[in-house]
1. Where a ≥ b ≥ c are the square roots of the eigenvalues of the C-alpha gyration tensor, would you call region 212-273 rounded, which needs a/c under 1.5, or, failing that, prolate if a/b is larger than b/c, or oblate?
2. Mind running the shape call on region 2-92? Use the C-alpha gyration tensor, a ≥ b ≥ c as the square roots of the eigenvalues: rounded below 1.5 for a/c, prolate if a/b tops b/c, oblate otherwise.
3. In region 2-92, what percentage of the DSSP-assigned beta bridges are antiparallel, given to the nearest 5?
4. Can you list the equivalent-ellipsoid semi-axes of region 120-269, largest first and in whole Å, using the square root of 5 times each Cα gyration tensor eigenvalue?
5. Calculate the length of the line joining the C-alpha centroid of region 162-186 to that of region 1-60, in whole Å.
6. Report for the chain the percent antiparallel among DSSP-assigned beta bridges with both residues inside it, nearest 5.
7. Report the semi-axes of the equivalent ellipsoid for region 275-450 in whole Å, largest first, where each axis is √(5λ) for an eigenvalue λ of the Cα gyration tensor.
8. With contacts defined as alpha carbon pairs under 8 Å and 6 or more residues apart, what's the relative contact order of the chain in percent?
């Protein structure tokens, strides 16, 4: 137990170097007790279901990798709640069948999958397989970059099959877990018994779902075992579904006969989503996050969609972070709050390009309309008093609430130098302390901008 605790503390120290301190503390500050250490497993107690979910969703693979590297042998971390300890007190079956059983995520259904040009063919193919497994495409091989919905489609197949034919033996696993199952089955004392359980689990499957097959690259013995499972299931006409981050032909360190079999059925790719699909995904996700999705302006969804272009997981994560930030603090869904909520997720240059620009243009429009001048007047070299005052007010608002560089602000106001921008900010700042009319202008403008 003491060694297990020491390893867990070292693992946390290593992970801490890669995470923001706030994020690390929120998730791991209370994950400081070990329930037990058994074989290759370390059971760690976490305070609540949300913490457990987030650790298992976002960090489990990294934590297992760090712990295994530090210990010099395979380590698998398990996170449990206090009310789950009673279940764990039951005799543990160390065979692969129980070690690696993972339920399908209930929310991953076809109804919850948002389709567009980039994923429609993959969606329709998955639907066909779910409706008539073994009859059409075997295997179905779905490939594409990380975070585009491959796992969602795979689990949707499993959920559909179980909803309509609950007696079907659907087995879901990741390639990494398949490899760990095989390792545990062949490296423990009950070798023969465990390898038989391993074979039973996978060879008895009627629908086998294997995620991230690329993990088997450079693992020739595990590839050989997967080949045997594949041959057995395909030979008796059982459905196999595989996902990967690349096409089968691009798996350079995979045995040729496995790649050949991956191409026996149908290969479909999921491409990077276009903007209409990204917006539809955000609208759909928003409907699950808040009671009235119309509270979030479409312009904000467009800004998120414009920035997070390559990865649905990051796209949804950005929206979730923004909504959680506003709801937790009981503040409105404004562009200003979007900037603050997503500040850490967006690299500075992209942040300025994709978010600041649209926000600043909106502020300039509001200020110009309030003083009954044009945006061009704000940007012009004219020193006419009304233009200068309005320009200084706009610069003050931008600098105070968003704090971009003086150079960037200057670019938004006709390429003015940083000294002019700094003077404008200081001028309004001082007037706000002494002039009630200026304070009134500022208050009215901020209400308009926050709408």
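1. Judged from the Cα gyration tensor, region 212-273 comes out oblate (a/c at least 1.5, b/c at or above a/b).
2. Note, shape of region 2-92 comes out oblate.
3. 50
4. Over the Cα atoms of region 120-269, the semi-axes work out to 24, 19, 13 Å.
5. Using only Cα atoms, the two centres lie 25 Å from each other.
6. Expressed as a percentage, antiparallel bridges in the chain total about 20.
7. Ellipsoid semi-axes (Å, largest first): 32, 17, 14.
8. So the answer I get is 12 percent.
Coordinate-derived values only; no laboratory data. Remember, it's a predicted structure, so these values are computed and weren't measured experimentally. Don't worry about glycine lacking a Cβ; one is built from the backbone with ideal geometry, like all the others, and counts go over all protein chains shown.
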